[in-house]
Amino acid sequence: MEDESKISLITKRIDEASFCSAFVTSDFTDLAEYETAKKTIARLEKKGALRRVLRGVYDKPKFSSLLQEYAAPNPDQIAHAIARNYNWTISASGNTALNQLGLSTQVPADWSYISSGPYKKYTFGNVTLTFSHRSDSQMTGMSEKTLLLIQALKAIGQGNVSEADIKLIRKRFSSDICQTILSESRYTISWIYEVIKDICRQER
């Protein structure tokens with residue numbers, strides 16, 4: 001017989017999560033055995049508390065009373081759930097990175113990420129997630145925010161980063177986080193590191 005207390009803990013975690021959060025079975029193996037977690041997810045899907053987005057990936061759907069329909073899955077949440085499932089390190093790249101930092105208002109149809117895992121592509125609805133492999137040496141020792149900033153600057157390109165870009169980026173990070181980024185990125189491409197130093201010198 002399944003341990004009802006473990007099932008309750010899984011259900012509670014999902015209930016307390018924000019709408020559009022995404023999950024994989026391994027997100028709950030600290031609370032219960034894998035099979036118990038898998039069966040609990042299946043039950044919650046049948047009840048409508050979870051929605052299957054991809055094989056093995058679910059989200060907590062948000063219902064819009066105005067539109068009278070469920071919101072589309074959050075691509076970034078789905079991407080990070082996939083990464084957790086395979087123990088990949090990922091970071092948004094290209095236009096996705098620009099969008100996440102507020103440097104572009106265009107929402108990409110193809111959400112691109114660099115990854116410590118293999119090249120993979122996933123599609124759901126009108127969205128495509130693309131994971132492009134990078135060597136561990138390019139990602140090890142860097143937090144997600146550092147990787148995101150480096151990828152955004154790469155997308156803008158050398159010589160194209162404006163003063164307005166620098167000011168906007170600076171507002172995205174606290175002083176403590178900025179100092180962490182400055183420390184973690186010191187061995188990245190030289191022109192990118194120079195821009196990061198400019199960002200971290202800006203007044204808030």
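The values are calculated or read from the model by the stated rules, or taken from the named source; none is laboratory data. Just so we're clear, the structure is a prediction, and the values are computed from it rather than from any experiment. Reconstructed Cβ throughout: ideal geometry from the backbone, glycine too, with neighbour counts over all protein chains shown. Surface accessibility is based on the protein's heavy atoms, side chains included, excluding ligands, DNA and RNA. Shrake-Rupley method; radii C 1.70, N 1.55, O 1.52, S 1.80 Å.
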Helices (runs of 4 or more DSSP H) lying entirely in region 4-90 (those with 3 or more residues that are under 24 Å from Tyr122 (Cα atoms)): 34-47, 75-86
Out of everything in region 166-204 that is among the aromatic types (Phe, Trp, Tyr) and part of a helix (DSSP H, G or I), what residue ends up being surrounded by the fewest Cβ atoms within 10 Å (Cβ to Cβ)? Trp191
Evaluate the following for Thr29: is it among the polar types (S, T, N, Q), open to solvent by less than 30 Å² (accessible area, probe 1.4 Å) and more than 16 Å from the chain's Cα centre (by Cα)? no
For region 8-24, which residues satisfy the criterion of being buried (at least 19 other Cβ atoms within 10 Å of the Cβ) and either over 22 Å from Lys62 (Cβ atoms) or touching a His at 6+ places or on another chain (Cβ under 9 Å) (or both)? Ala22
Scan region 157-165 and give yes if some residue there is part of a strand (DSSP E or B), out of contact with any Cys (no Cβ under 9 Å at 6 or more places or on another chain) and surrounded by fewer than 19 Cβ atoms within 10 Å (Cβ to Cβ), otherwise no. no
I'm trying to understand the selection: among the residues of region 185-198, which are in contact (Cβ under 8 Å) with a residue 40 or more places away in the chain and not hydroxyl-bearing (Ser, Thr, Tyr)? Ile192, Val195, Ile196
Give me the residue from region 51-93 that is surrounded by fewer than 20 Cβ atoms within 10 Å (Cβ to Cβ) and touching a residue at least 60 places away in the same chain (Cβ under 8 Å) and, out of that set, farthest from the chain's Cα centre (by Cα). Leu54
